[in-house]
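Have a look at the structure below before the remarks.
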């Protein structure tokens with residue numbers, strides 16, 4: 001599909017996921033959205049390092065990761081002035097309602113459970129970033 | 001000649017003269033109607049001159065009939081089936097309106113279907129690549145876990161490796177439970193697991209589940225035509241209701257590629273470390 005209103009500047013998205021095949025799939029899907037530059041991080045610590053180096057417009061993160069998990073990452077970012085309001089999407093195998101509530105209470109903007117449907121993730125990312133889809 | 005009345009009582013006989021009089025009165029009446037119609041039309045023309053282009057009733061019906069025939073021909077020519085995607089789960093947005101909007105909705109659904117297929121093929125490719133780049137048995141197990149959890153949505157499973165000499169399966173990895181709880185599984189003659197070995201090929205859609213316990217299925221992991229391991233799929237993630245269409249091709253891919261990856265990791269672990277030399281490679285390939 002084409003995007004009629006490509007953003008004036010490219011938007012940076014960081015995918016934080018410790019599972020290589022899952023990370024590749026999310027990056028593959030989001031890289032097809034025009035106007036997005038998609039980078040990846042192996043875990044929460046790697047993510048913090050990359051977030052300090054580059055300004056990101058959206059963060060997509062798993063929860064269960066070694067060293068620094070996704071919920072701790074959300075908590076750290078919401079306490080950080082630079083990333084206090086940057087949208088965060090959680091993608092996780094944790095499907096329980098309390099997990100979802102906890103993530104949203106910490107400041108995540110959306111919560112998707114695995115296995116994911118890539119078009120569903122793309123649609124959500126476009127909605128959050130205000131990328132308008134042209135059906136022609 | 002007899003003319004029937006309106007059905008009440010006996011038919012009444014009438015003479016030719018009375019019939020001529022009857023038809024004569026009818027003809028006069030028709031002429032009066034035509035004259036009255038012409039007068040009304042002329043009055044209408046005076047009152048609404050802009051409607052002068054309206055076709056006469058007969059030509060109006062003809063033009064409508066022609067339009068109906070034209071639309072029917074268009075409908076027959078319309079390549080609706082080419083635009084129709086294979087049925088996706090229906091939702092409110094999937095109800096196609098008529099005309100041009102319907103064409104656009106059909107195209108959008110088709111594109112969405114193709115994108116869905118594209119991502120499915122990408123996931124197959126990524127998972128396959130991951131299996132073939134695994135160097136150790138633990139990397140194969142890790143990849144198997146990630147693919148089953150993230151791509152298929154199976155939350156609990158155990159991987160058994162085949163001990164060919166003792167004809168038992170022994171557990172080496174488990175997700176969603178304790179490994180110690182898993183004992184050996186004997187391959188009894190005539191049982192479903194023995195049948196799996198007999199079949200000696202990767203699992204494909206339509207094959208039996210081989211499970212004679214509470215498991216969802218036993219998935220054979222095959223290298224060439226030899227069974228090397230078995231995955232016992234025990235339960236789905238809470239949010240996953242069951243297998244979907246694309247899951248079967250993923251299971252088939254795991255059955256073939258995970259088996260090869262396990263055997264490759266096994267060979268790599270037992271092979272003597274050797275430098276890659278041109279002379280040795282050429283000898284191997286007969287160059």
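Data table
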quantity	calculated
Qualifying residue in the stretch A:63-73 (condition: in contact (Cβ under 8 Å) with a residue 24 or more places away in the chain, in contact with a strand residue (DSSP E or B) (Cβ under 6 Å, 6 or more places away or on another chain), in a loop (DSSP other than H, G, I, E, B) and within 14 Å of chain B (Cβ to nearest Cβ))	yes
Residue B:238 vs. criteria surrounded by fewer than 19 Cβ atoms within 10 Å (Cβ to Cβ) and under 11 Å from residue B:153 (Cβ atoms)	yes
Scan of the stretch A:39-60 for residues that are within 14 Å of chain B (Cβ to nearest Cβ) and outside any loop (DSSP other than H, G, I, E, B), ordered by number	A:40, A:60
Candidates B:195, B:265 - the one that is in contact (Cβ under 8 Å) with a residue 40 or more places away in the chain, more than 14 Å from chain A (Cβ to nearest Cβ), part of a helix (DSSP H, G or I) and out of contact with any strand residue (DSSP E or B) (no Cβ under 7 Å at 6 or more places or on another chain)	B:265
Hey, residue B:258 closer than 23 Å to residue B:175 by Cα, at pLDDT 95 or above and touching a helix residue (DSSP H, G or I) at 6+ places or on another chain (Cβ under 9 Å) or not	yes
Answer residue from the stretch A:113-129, given it is assigned to a helix (DSSP H, G or I) and surrounded by 20 or more Cβ atoms within 10 Å (Cβ to Cβ) and is nearest to the other protein chains (Cβ to nearest Cβ) among those	A:118
Among residues of the stretch B:230-252, those that are away from chain A (no Cβ under 12 Å), touching a residue at least 24 places away in the same chain (Cβ under 8 Å) and assigned to a helix (DSSP H, G or I), counted	4
Of all residues making up the stretch B:112-124, the number that are in contact (Cβ under 8 Å) with a residue 60 or more places away in the chain and surrounded by fewer than 23 Cβ atoms within 10 Å (Cβ to Cβ)	2
Condition check for residue B:109: surrounded by fewer than 18 Cβ atoms within 10 Å (Cβ to Cβ) and more than 10 Å from chain A (Cβ to nearest Cβ)	no
Residue that is nearest to the other protein chains (Cβ to nearest Cβ), among those in the stretch B:130-160 that are surrounded by fewer than 17 Cβ atoms within 10 Å (Cβ to Cβ) and touching a residue at least 24 places away in the same chain (Cβ under 8 Å)	B:139
Flag for residue B:127 being more than 9 Å from every other protein chain (Cβ to nearest Cβ), within 30 Å of residue B:193 (Cβ to Cβ), surrounded by 21 or more Cβ atoms within 10 Å (Cβ to Cβ) and out of contact with any strand residue (DSSP E or B) (no Cβ under 9 Å at 6 or more places or on another chain)	no
Subset of the stretch A:76-97 that is under 28 Å from residue B:142 (Cα atoms) and either in contact with a strand residue (DSSP E or B) (Cβ under 8 Å, 6 or more places away or on another chain) or modelled with pLDDT of 95 or more (or both) - its residue that is nearest to the other protein chains (Cβ to nearest Cβ)	A:95
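The values are calculated or read from the model by the stated rules, or taken from the named source; none is laboratory data. None of these values were measured; they are calculated from a predicted model. All Cβ positions, even for glycine, are placed from backbone atoms using ideal geometry, and neighbour counts span all protein chains on display.
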